[in-house]
Amino acid sequence: MKRMSVNTHNNTYDIFIKKGILHNVGSFIESFIKNKKVIIITDTNVNRLYGEYLMKNMRKYTSSIFKIVINAGEDSKSFDTLKQIYDKLLSFHVNRTDIIIAFGGGVVGDLAGFAASTYMRGIHFIQIPTTLLSQIDSSIGGKVAINHPKGKNLIGSFYHPKSVIIDPDLLDTLNNKFLYDGFGEVIKYSLIKDKYLYNTLIRINNKIDIFNHIEDIIYNCCKIKKDIVEKDEKDQGIRMLLNFGHTLGHAIEKYYAYKSYTHGEAIAIGMYNITKVSEDICITKKGTSKLILDILNKYNLPYDMPTNNIEKLFDFIRLDKKNSGTNINLVFIKEVGKGTLQQLDIKEFQKLLTVNLKG
Ligand code: GLY
C-alpha cells in the first residue's frame, strides 16, 4: 500500500492507494465513520457496479447508512441536483457530526464535496474516486464546485476531504476512452514536473503494462499534486502549473460544447500546441513538442488543433478566470519535467498561435 499525507494551513489528511482497498475500505476510515450517519453520494454507473458492495462494507462500522444516487454525467453538477442532495440530507436528518462519502468520478467528487462544504456550514466528507482523472487530480487539493449555465466550476469553494481512498482496481471497468482521458492529465504531470515519470510512461507498451505500473503512476501524480497544493492551496501562484494545456484545452472543450473531446483529449491538444508556440519564441528547448507528440500518440490522445477558427477560440480564452487585464497567465514547459508560468499579452498569444498553425 502507498500512503501520503497532505498538509495544508488548516487541514491534514491521508491519501491511501492500494489495489483492492475497496474490500476493506471501512478499516481505513473507521475513525470518521464509526457509529456516525454515513451518506454515500454516487452516480448511476458506479452504483450499478459497486454501490451495494460499499454499503455492505460500511455496515460493519455503522448501522446508519444512506445512499444518494445522481445521474451519471456532467449535467448533474448543477443547482438542481445540489438542491436535491440538500433535500435528501435534510430528510435523513443529517447533522454536523455526520459524514458524506463521495464515491465516483470528478462530477460526484466536486458536487458531493460542494454539498459537504455548504450543508450546515460544512460537514466532513471522504473521497473514494473511481476514474483515473479523479484519482490523480480532482479528489486531491480541495477544489469543489458546481457548474453555472455560464461556465464550468463557477460556483465553488476550497474544502478538503478527511481522507482520499484510491483503489486502482476500480479502473478495470473503465472503457479505453476514459482510461486514456485520464492519461492526458498523467502526461501533464510528467511534463510539468517529472521527467522520470515521462520516461516510465513512454516505455509502457500496452494496457497490461499500464495496469502493472498503475499504483506507482497514481502515487507519483498524487505526490506532485500534493506538493504543489501544500505550497499554494488557493491557486494564487505555483498551483497554476497544473493548468498546463488547459487554456487551449478548455477553449476547445467549449467550442465543441463538451461533446467532441473529453477533458484529457482537449488538454492533450492544448499541451502540444502551446509547446509548439513556446518553442517558436525560445521559451522551450527545441524538440520538446516532438517528445509530447510521441507520448500522446502512445496513449491514443489527439494533438492537432481541430479547428482553424482561432478567433472563436479566443472569444472563450478571453473569458478565462485566470486572466488579468489584457494579459493572460500561461503555463509553458522549458523542457520535459520543467513547467514555468509566464504572462503574455492575449493579442500577442493569438498572433503567435495563428502564425504557428499556418506555418
Ligand atoms: N485541477 C487543477 C487544480 O486542482 O488546481
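Miscellaneous remarks
Results for (1) under 24 Å from residue 125 (Cβ atoms); (2) within 16 Å of the ligand (Cβ to nearest atom), shown as yes or no for each residue.
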| position | (1), (2) |
| --- | --- |
| 148 | yes, no |
| 167 | yes, no |
| 170 | yes, no |
| 175 | no, no |
| 180 | no, no |
| 197 | no, no |
| 205 | no, no |
| 212 | no, no |
| 233 | yes, yes |
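- Sole exception among (1) in contact (Cβ under 8 Å) with a residue 12 or more places away in the chain; (2) in a helix (DSSP H, G or I); (3) of a type outside the set (Asp, Glu) for residue 3, by number: (2)
- Some residue of region 278-293 being outside any loop (DSSP other than H, G, I, E, B), under 23 Å from the mean Cα position of the chain (by Cα) and at pLDDT 95 or above: yes
- For residue 337, the requirement of being at positive phi and either touching a residue at least 12 places away in the same chain (Cβ under 8 Å) or touching a Cys at 6+ places or on another chain (Cβ under 6 Å) (or both) is met.
- Tally of residues being among the acidic types (Asp, Glu), in contact with a strand residue (DSSP E or B) (Cβ under 9 Å, 6 or more places away or on another chain) and within 16 Å of the ligand (Cβ to nearest atom) across region 214-228: 0
- Considering residues of region 240-265 that are open to solvent by less than 30 Å² (accessible area, probe 1.4 Å) and free of Cβ contacts under 8 Å to residues at least 40 places away in the same chain only, the residue farthest from the ligand (Cβ to nearest atom): 253
- Selection count, region 218-243, where residues are under 13 Å from the mean Cα position of the chain (by Cα) and assigned to a loop (DSSP other than H, G, I, E, B): 0
- Members of region 321-332 found to be of a type outside the set (Gly, Ala, Ser), surrounded by fewer than 18 Cβ atoms within 10 Å (Cβ to Cβ) and either part of a loop (DSSP other than H, G, I, E, B) or at pLDDT 95 or above (or both), listed by number: 321, 322, 323, 326
- Residue match in region 85-101 (condition: within 16 Å of the ligand (Cβ to nearest atom), within 17 Å of residue 29 (Cα to Cα) and in contact (Cβ under 8 Å) with a residue 12 or more places away in the chain): no
- Residue that is farthest from the ligand (Cβ to nearest atom), among those in region 121-146 that are farther than 24 Å from residue 301 by Cβ and open to solvent by 30 Å² or more (accessible area, probe 1.4 Å): 121
- None of 10, 95, 57 is over 19 Å from residue 135 (Cα atoms) and open to solvent by 80 Å² or more (accessible area, probe 1.4 Å) except 10.
- For region 216-230, a residue qualifies if it is closer than 12 Å to residue 193 by Cβ and open to solvent by 30 Å² or more (accessible area, probe 1.4 Å), and the qualifying residues are 220, 223, 227.
Every residue, every condition in (1) open to solvent by less than 80 Å² (accessible area, probe 1.4 Å); (2) in contact (Cβ under 8 Å) with a residue 40 or more places away in the chain; (3) closer than 18 Å to residue 290 by Cα; (4) among the acidic types (Asp, Glu), yes or no:
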| residue | (1), (2), (3), (4) |
| --- | --- |
| 175 | no, no, no, no |
| 179 | yes, yes, no, no |
| 184 | yes, yes, yes, no |
| 200 | yes, no, yes, no |
| 208 | no, no, no, no |
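- In region 150-165, the residues that are within 16 Å of the ligand (Cβ to nearest atom) and of a type in the set (S, T, N, Q): 153, 157
- Some residue of region 295-315 being of a type outside the set (S, T, N, Q), within 30 Å of residue 6 (Cα to Cα) and open to solvent by 10 Å² or more (accessible area, probe 1.4 Å): no
The values are calculated or read from the model by the stated rules, or taken from the named source; none is laboratory data. Model, not experiment: these values are computed from the prediction. Every residue, glycine among them, receives a Cβ derived from its backbone with ideal geometry; neighbour counts consider all protein chains shown. All accessible areas refer to the heavy atoms of the entire protein, side chains included, with ligands and DNA or RNA removed. Shrake-Rupley method; radii C 1.70, N 1.55, O 1.52, S 1.80 Å.
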